[in-house]
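These notes are about the structure you will find just below.
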Amino acid sequence: MKPIQERLATGEVLVADGSTGAVLMDAGLSPGIPPELWNVENPAQILALHQSYLDAGADIILTNTFGGSRVKLDATGLGGRVRELNRAAVHLARQAAENHQAYVAGDIGPTGQLMAPLGKLTFEGALETLTEQAVALQEAGVDLFWIETMSDLDEARAAVEAVHRASDLPVFCSFSFGSRGRTMMGLRADRAAESLWPLGLSAIGANCGAGMPPVLEALKQMHAVLPLAPLIAKPNAGLPRLEGDRTIFDMTPADFAAHTPRFVELGARVIGGCCGSTAVHMTAVRSALTGRVV
Ligand SMILES: [Zn+2]
């Protein structure tokens with residue numbers, strides 16, 4: 001397989017996968033159980049998840065390691081199993097991707113702790129815990145890293161630096177924006193892009209967040225300050241609403257995929273889905289892109 005940066009450099013648009021957490025909940029993962037535990041306790045389900053996105057035509061699948069840092073796993077008493085859970089996740093993704101021309105991205109999410117001075121996590125503390133995770137992902141054999149759902153610029157910086165310490169592989173980073181076009185920590189997309197891009201990224205963009213509008217706005221801002229950078233759009237399938245004790249996202253695959261041409265115009269070269277999106281949504285995105293090389 002060609003290195004992913006070469007494909008992005010040609011202007012090709014790559015499809016990533018859709019949501020993990022919501023799909024695993026539907027498959028029986030109980031609330032409060034970290035999804036990463038299923039890498040060892042229910043591997044068949046993780047394989048099936050990856051397989052569904054590969055069958056939908058995904059070029060990139062993310063390992064089931066969003067909450068796989070020690071700080072995050074400590075919340076459920078699993079902090080001592082970082083290496084085991086991250087390695088198992090990579091092996092499953094690799095196994096699924098074996099017969100597909102697909103890249104395995106080592107997924108790194110937020111630690112779940114507020115950074116100092118608002119919270120207790122120092123930059124060095126974040127760097128240490130994220131480096132430990134990045135090393136485990138690197139050793140197990142990912143093709144690239146994907147830092148996602150970031151809202152704090154310092155935590156994102158720590159994550160990028162952690163990956164650079166662990167590896168020479170390409171790094172993607174995406175932030176999560178709310179309805180006012182800022183992250184939970186008040187960060188604007190253009191500032192995120194200007195601050196982080198010089199650290200050495202292969203793609204930057206938006207994932208998750210408050211439906212489609214903030215992702216479109218974030219891409220607009222990022223494209224304005226980094227017109228040549230490959231951007232990422234990995235939105236939720238609309239806004240969540242509660243139905244009984246279930247969270248529903250009701251954007252149909254067709255409505256979701258209808259945004260694809262606009263994302264591409266705004267510089268998106270990696271398009272996937274976050275909460276509420278399924279393999280059917282990704283199939284629709286793939287169809288919207290078919291034959292399209294910008
Ligand atoms: Zn999400």
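None of the figures in this text is laboratory data; all of them are computed from the coordinates on show. All figures in this text were calculated on a predicted structure; none of them were measured in a lab. Backbone-built Cβ (ideal geometry, glycine too); neighbour counts: all protein chains shown.
Overview of results
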{"item": "Among (1) in contact (Cβ under 8 Å) with a residue 60 or more places away in the chain; (2) under 18 Å from the mean Cα position of the chain (by Cα); (3) within 16 Å of the ligand (Cβ to nearest atom), the one test that THR247 misses", "result": "(2)"}
{"item": "Positions within region 21-54 being of a type in the set (S, T, N, Q) and over 23 Å from ALA136 (Cβ atoms), in sequence order", "result": "SER30, GLN51, SER52"}
{"item": "Count of residues meeting criterion [away from the ligand (no atom under 16 Å from the Cβ) and surrounded by fewer than 16 Cβ atoms within 10 Å (Cβ to Cβ)] in region 5-30", "result": "8"}
{"item": "Of the criteria (1) closer than 13 Å to ALA89 by Cβ; (2) among the charged types (D, E, K, R); (3) free of Cβ contacts under 8 Å to residues at least 12 places away in the same chain, which one ASP26 fails", "result": "(1)"}
{"item": "Residue in region 137-149 that is nearest to the ligand (Cβ to nearest atom), counting only those that are without any contact (Cβ under 8 Å) to a residue 60 or more places away in the chain and in contact with a Leu (Cβ under 8 Å, 6 or more places away or on another chain)", "result": "PHE145"}
{"item": "Residues within region 66-80 that are in a helix (DSSP H, G or I) and within 18 Å of ALA166 (Cβ to Cβ), tallied", "result": "4"}
{"item": "Flag for THR111 being assigned to a loop (DSSP other than H, G, I, E, B) and of a type in the set (Val, Ile, Thr)", "result": "yes"}
{"item": "Residues satisfying the stated conditions in region 162-211, i.e. away from the ligand (no atom under 13 Å from the Cβ) and either in a strand (DSSP E or B) or in contact with a Pro (Cβ under 6 Å, 6 or more places away or on another chain) (or both)", "result": "VAL171, PHE172, CYS173, GLY181, ARG182, ARG188, SER202, ALA203, ILE204, GLY205"}
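Here is a yes/no grid of residues against (1) within 19 Å of LEU8 (Cβ to Cβ); (2) of a type in the set (Gly, Ala, Ser); (3) touching a Lys or Arg at 6+ places or on another chain (Cβ under 9 Å); (4) buried (at least 23 other Cβ atoms within 10 Å of the Cβ):
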{"site": "ARG182", "(1), (2), (3), (4)": "no, no, yes, no"}
{"site": "GLU194", "(1), (2), (3), (4)": "no, no, no, no"}
{"site": "TRP197", "(1), (2), (3), (4)": "yes, no, no, no"}
{"site": "PRO214", "(1), (2), (3), (4)": "no, no, yes, yes"}
{"site": "LEU228", "(1), (2), (3), (4)": "yes, no, no, no"}
{"site": "MET251", "(1), (2), (3), (4)": "no, no, no, no"}
{"site": "HIS259", "(1), (2), (3), (4)": "no, no, no, no"}
{"site": "GLU265", "(1), (2), (3), (4)": "yes, no, no, no"}
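Residue by residue, here is whether (1) assigned to a loop (DSSP other than H, G, I, E, B); (2) in contact with a His (Cβ under 8 Å, 6 or more places away or on another chain); (3) within 16 Å of the ligand (Cβ to nearest atom) holds:
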site: LYS234; (1), (2), (3): no, no, yes
site: ARG241; (1), (2), (3): no, no, yes
site: PHE256; (1), (2), (3): no, yes, yes
site: ARG262; (1), (2), (3): no, no, no
site: VAL270; (1), (2), (3): no, no, yes
site: SER277; (1), (2), (3): yes, no, yes
site: HIS281; (1), (2), (3): no, no, yes
site: VAL285; (1), (2), (3): no, no, yes
